[in-house]
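Engineer: Quick one: the structure is below, and I'll ask about it shortly.
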Amino acid sequence: MKYDLSDRLVVGIASSALFDLTEGDAVFREQGEDAYRAYQGTHADDILEKGVAFPFIRRLLSLNSHVDHRDPLAEVIILSRNDPDTGLRVMRSIAAHDLHISRAVFQQGRSAHRFMPALNMSLFLSANGSDVREAMADGLPAGHVLRTERVDDDADQDLRIAFDFDGVLAGDASERIFRIEGIDGFRAHEARNATTAHDPGPLRNFLAGINRIQRLEEETRLADPTYRPRLRVSLVTARDAPSHERAVRSLKQWGLRVNDAFFLGGIDKAAVMRALDPHLFFDDQIAHLNGTAPATPSVHVPFGVANASS
């Protein structure tokens, strides 16, 4: 029987986001591909250190404890520029870290993002910004994982995810209004259109997959009152009243939800992120992420007008 991905939350991840590849990347840049392949072959049994997205992936996969391991809720698949030989170190490191990842695509020197639709992926994470921009240019949902100083608490099993709204969950039409008409024009436009849902943005389907897992957690809690849901989703946006209403209504009309919403109206997101402490925060504006990334694992979604010249 074929393995069906259609009802699962599938995340594609590059080895650069899952592990710390600093040393190997330096060899590739300074000495070229042949030296890099030789280096990885020599170090094939050396376990790679955890990368920025490792805590997120570990926690996401741990949510499969709700179901039969042969029929998981969430699936993670490696999408790698390595060839199969050099990819051995990645797969051995996955096994050593006890991550339940068994599927991978290795494309020597090429980005594998074009296989996302075939694999039902609603998100691709990479530390290679060029690969992410290529995926987004092809209309595929992707995020550039930025370096962070945050050290993960391995004992913690909760998974906290935070999203910006415009250019991430929603399209960028309102951001375009803001850039043309300013804040007053933006607020007036959003108030006039409060009951009209936004067009979906690149990560709308990813949130839908997260919500499916949350519904199962809620069913588990109802059957077992001692169970405490581990997955929590927050909306953190520069919107404030009255423009907040259209964001809330859009989520509702899409059939989606968040646990928390922060309508900050220009307040620095970095301070809020330090208190919220998500395992990943998605935003389309690099200016915001430059502030959050040092203390919060942050992901740049290079979508829309905010990234037209980047």
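Engineer: Before we move on, is Arg176 surrounded by fewer than 20 Cβ atoms within 10 Å (Cβ to Cβ), among the charged types (D, E, K, R) and part of a helix (DSSP H, G or I)? Steps first, answer last, please.
Structural biologist: Working: surrounded by fewer than 20 Cβ atoms within 10 Å (Cβ to Cβ): yes; among the charged types (D, E, K, R): yes; part of a helix (DSSP H, G or I): yes.
Yes, satisfied.
Engineer: Residue by residue through the stretch 179-212, note down the ones that are closer than 26 Å to Asp158 by Cβ and assigned to a helix (DSSP H, G or I).
Structural biologist: The answer is Arg204, Asn205, Phe206, Leu207, Ala208, Gly209, Ile210, Asn211, Arg212.
Engineer: Further question: How many residues does the stretch 268-292 hold that are in contact (Cβ under 8 Å) with a residue 24 or more places away in the chain, open to solvent by 10 Å² or more (accessible area, probe 1.4 Å), at negative phi and not in a helix (DSSP H, G or I)?
Structural biologist: Result for the stretch 268-292: 1.
Engineer: For residues that are modelled with pLDDT of 95 or more and part of a helix (DSSP H, G or I), scanning just the stretch 94-114, find the one that is nearest to Ala142 (Cα to Cα).
Structural biologist: Ile94
Engineer: Another one. Kindly evaluate Val233 against the criterion of being within 17 Å of the chain's Cα centre (by Cα) and either open to solvent by less than 30 Å² (accessible area, probe 1.4 Å) or among the aromatic types (Phe, Trp, Tyr) (or both). Lay out the reasoning, then the answer.
Structural biologist: Numbers: within 17 Å of the chain's Cα centre (by Cα): yes; either open to solvent by less than 30 Å² (accessible area, probe 1.4 Å) or among the aromatic types (Phe, Trp, Tyr) (or both): yes.
Spelling it out, Val233 is indeed within 17 Å of the chain's Cα centre (by Cα) and either open to solvent by less than 30 Å² (accessible area, probe 1.4 Å) or among the aromatic types (Phe, Trp, Tyr) (or both).
Engineer: Would a scan of the stretch 246-255 turn up a residue that is open to solvent by 40 Å² or more (accessible area, probe 1.4 Å), without any contact (Cβ under 8 Å) to a residue 12 or more places away in the chain, under 17 Å from Asp166 (Cα atoms) and of a type outside the set (A, V, I, L, M)?
Structural biologist: Looking only at the stretch 246-255, we keep the residues that are open to solvent by 40 Å² or more (accessible area, probe 1.4 Å), and these are 248-249, 252-255.
Imposing the further condition that a residue be without any contact (Cβ under 8 Å) to a residue 12 or more places away in the chain reduces the set to 252.
Subsequent filtering for residues that are under 17 Å from Asp166 (Cα atoms) retains 252.
Going one step further and asking which of them are of a type outside the set (A, V, I, L, M), we end up with 252.
Yes, the conditions are met somewhere in the stretch 246-255.
Engineer: Going by what's in this entry, would Leu99 be described as aliphatic (A, V, I, L, M), surrounded by 22 or more Cβ atoms within 10 Å (Cβ to Cβ) and within 27 Å of Asp153 (Cα to Cα)?
Structural biologist: Considered against the rule, which asks whether it is aliphatic (A, V, I, L, M), surrounded by 22 or more Cβ atoms within 10 Å (Cβ to Cβ) and within 27 Å of Asp153 (Cα to Cα), Leu99 comes out as no.
Engineer: Just one of the numbered conditions (1) polar (S, T, N, Q); (2) buried (at least 16 other Cβ atoms within 10 Å of the Cβ); (3) within 25 Å of Arg133 (Cα to Cα) is not true of Ser93; which one?
Structural biologist: Going through the list (1) polar (S, T, N, Q); (2) buried (at least 16 other Cβ atoms within 10 Å of the Cβ); (3) within 25 Å of Arg133 (Cα to Cα), Ser93 breaks only (3).
Engineer: Does Arg160 qualify as being modelled with pLDDT of 95 or more, open to solvent by 40 Å² or more (accessible area, probe 1.4 Å) and within 21 Å of His97 (Cβ to Cβ)?
Structural biologist: Details: modelled with pLDDT of 95 or more: yes; open to solvent by 40 Å² or more (accessible area, probe 1.4 Å): yes; within 21 Å of His97 (Cβ to Cβ): yes.
Yes; evaluated as a whole, the condition is true for this residue.
Engineer: How many of the residues making up the stretch 213-257 are part of a loop (DSSP other than H, G, I, E, B), at pLDDT below 95 and of a type in the set (A, V, I, L, M)?
Structural biologist: Residues flagged as part of a loop (DSSP other than H, G, I, E, B), at pLDDT below 95 and of a type in the set (A, V, I, L, M) within the stretch 213-257 amount to 2.
Engineer: Ok, one more. Taking the stretch 1-32, which residues are assigned to a helix (DSSP H, G or I) and under 19 Å from Leu79 (Cβ atoms)? Walk me through it before giving the result.
Structural biologist: Looking only at the stretch 1-32, we keep the residues that are assigned to a helix (DSSP H, G or I), and these are 15-18, 22-31.
Hits for the stretch 1-32 are Ser15, Ser16, Ala17, Leu18, Gly24, Asp25, Phe28.
Engineer: When the residues of the stretch 293-310 are filtered to those that are hydroxyl-bearing (Ser, Thr, Tyr) and modelled with pLDDT under 95, which remaining residue is most open to solvent (accessible area, probe 1.4 Å)?
Structural biologist: Here is the first cut: in the stretch 293-310, the ones hydroxyl-bearing (Ser, Thr, Tyr) are 296, 298, 309-310.
Checking the rest, the ones that are also modelled with pLDDT under 95 come to 309-310.
Numbers: Ser309: 121, Ser310: 93 Å².
Result: Ser309.
Engineer: From the set of residues in the stretch 1-23 that are open to solvent by less than 50 Å² (accessible area, probe 1.4 Å) and farther than 21 Å from Pro297 by Cβ, which is modelled with the lowest pLDDT? Outline the logic, then answer.
Structural biologist: So in the stretch 1-23, the residues open to solvent by less than 50 Å² (accessible area, probe 1.4 Å) come out as 5, 8-19, 21.
This time we only want the ones that are farther than 21 Å from Pro297 by Cβ, so: 5, 8.
Numbers: Leu5: 90, Arg8: 94.
Of everything passing the filter in the stretch 1-23, Leu5 is modelled with the lowest pLDDT.
Engineer: Which one of the conditions (1) over 16 Å from Ala17 (Cα atoms); (2) crowded, with 18+ Cβ neighbours inside 10 Å does Pro117 fail to meet, given that it meets all the rest?
Structural biologist: That leaves (2) as the condition not met.
Engineer: Could you please find all residues in the stretch 39-80 being loosely packed, with under 14 Cβ neighbours inside 10 Å and either within 18 Å of the chain's Cα centre (by Cα) or not in a loop (DSSP other than H, G, I, E, B) (or both)?
Structural biologist: Matches in the stretch 39-80: Gly41, Thr42, Ser65.
The values are calculated or read from the model by the stated rules, or taken from the named source; none is laboratory data. For clarity, every value in this text was computed on a predicted model and none was experimentally measured. Note that each Cβ is placed from the backbone with ideal geometry, even for glycine, and that neighbours are counted across all protein chains shown. When the accessible area is computed, the model is the full protein with side chains, heavy atoms only, and any ligands, DNA or RNA have been set aside. Shrake-Rupley method; radii C 1.70, N 1.55, O 1.52, S 1.80 Å.
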